[in-house]
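Here's a structure for you.
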Amino acid sequence: MTGAETAADGDLTVDELAARTGLTVRTVRFYASEGLLPPPERRGRVAYYDARHRMRLELIRTLQEHGYTLAAIDRVLARLPPDAAPAEFAVQAAVLAPWLPDQSELLDRASLERRVGRVLDDGQLAFLASVGALEIHDDGSYRTAPSLLGQAVELLELPVPPSVLADSAALIDDHATQVAEGLTELFARAIWGPYQRGEIDHDQVLAILERMRPLALQGLVGAFTRAVDDAARRRVER
């Protein structure tokens, strides 16, 4: 490479950018073709990338690991200014991260049956999916939720109609969705709005999220437990 073609300090070729972000060159170019990266700077026949591209790629990779589609990621990136600072990317990643670590596993049917220690028919698989213990994919694989799978399989042995258990799961899911939407709206008004207006800074948002998430989860479990106890008591006292 000649002196004119040598990258300035901090500039990266596509190979260097891929290595820095843990992605393949093909993946970097794919994201660029999808419009998720701004155009690189070209000097002669060589394209150079900078910190803006690296931070965007790291956010894209993080969000994809969390299950976001490229369309959703594109909407997130569209809200970021072209000169967004690293702290802005950190806030976006923290806000959109799952509240609990993803411990799911992707298994084929044979591996799933070995995991639960029994053969599962299609009806039982459908039941496990209905209560959130697994997702059934079109390619014949299964995404499991280990925290629920064992307990859900044990329910198959009980003399409770599967429809009752599935309806219970649907009821919980519906109300959980309402709670989640309410908390998201509250966060938007009380935290995200002030952050966008510059009233609180990046570090304060990250600190709030770090403390708010476990508190909200514990509060939700506690409120549900009290509500179930109260409902049972009222039914007995009728």
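Pairs under 9 Å by beta carbon, first residue on the phi > 0 side of the Ramachandran plot in the range 11-35, partner of a type in the set (Asp, Glu) and surrounded by fewer than 18 Cβ atoms within 10 Å (Cβ to Cβ), six or more apart or different chains?
These pairs meet every condition: Gly35/Asp74.
Which is part of a helix (DSSP H, G or I), of a type in the set (Asp, Glu) and at negative phi, of Glu154, Glu135? Even if it seems obvious, please write down each step before you answer.
Working: Glu135 fails: part of a helix (DSSP H, G or I).
Exactly one residue qualifies, and that residue is Glu154.
I need a count of the residues in the range 113-132 that are free of Cβ contacts under 8 Å to residues at least 40 places away in the same chain and outside any helix (DSSP H, G or I). Give the derivation first.
Keep residues of the range 113-132 that are free of Cβ contacts under 8 Å to residues at least 40 places away in the same chain, which gives 113-129, 131.
Okay, now just the ones that are also outside any helix (DSSP H, G or I), so 117-121, 131.
Adding up the residues that qualify gives 6.
Looking at this structure, is Pro82 free of Cβ contacts under 8 Å to residues at least 24 places away in the same chain, assigned to a loop (DSSP other than H, G, I, E, B) and either in contact with a Leu (Cβ under 8 Å, 6 or more places away or on another chain) or over 30 Å from Asp138 (Cβ atoms) (or both)?
When the stated conditions are applied, Pro82 does not pass them.
Also, I was wondering about something else. If Ala166 satisfies every condition in (1) in a strand (DSSP E or B); (2) touching a residue at least 12 places away in the same chain (Cβ under 8 Å) but one, which is the exception?
Result: Ala166 fails condition (1) only.
Which numbered condition trips up Val153, out of (1) in the same structural domain as Asp50 (by TED's automatic domain parsing); (2) more than 22 Å from Ala32 (Cβ to Cβ)?
(1) is the only condition that Val153 fails.
Being under 22 Å from the mean Cα position of the chain (by Cα) and farther than 17 Å from Ala94 by Cα is the filter here, so list the residues in the range 33-68 that pass it.
Taking the range 33-68 first, the residues under 22 Å from the mean Cα position of the chain (by Cα) are 34-37, 53-68.
The answer is Glu34, Gly35, Leu36, Leu37, His53, Arg54.
Considering the range 36-55 alone, what residues qualify as being part of a loop (DSSP other than H, G, I, E, B), touching a residue at least 40 places away in the same chain (Cβ under 8 Å) and either within 19 Å of Ala72 (Cα to Cα) or not assigned by TED's automatic domain parsing to the domain that holds Leu80 (or both)?
Of everything in the range 36-55, those that are part of a loop (DSSP other than H, G, I, E, B), touching a residue at least 40 places away in the same chain (Cβ under 8 Å) and either within 19 Å of Ala72 (Cα to Cα) or not assigned by TED's automatic domain parsing to the domain that holds Leu80 (or both) turn out to be Leu36, Pro38.
If you go through the range 181-211 one residue at a time, how many are part of a loop (DSSP other than H, G, I, E, B) and loosely packed, with under 14 Cβ neighbours inside 10 Å? Can you show your working first?
Taking the range 181-211 as the starting set, the residues that turn out to be part of a loop (DSSP other than H, G, I, E, B) are 197-201.
Applying the additional criterion that residues be loosely packed, with under 14 Cβ neighbours inside 10 Å yields 197-199, 201.
The qualifying residues number 4.
The values are calculated or read from the model by the stated rules, or taken from the named source; none is laboratory data. Everything numeric in this text was worked out from a predicted model, so none of it was measured. No Cβ is skipped: glycine too gets one built from the backbone with ideal geometry, and neighbour counts run over all protein chains shown.
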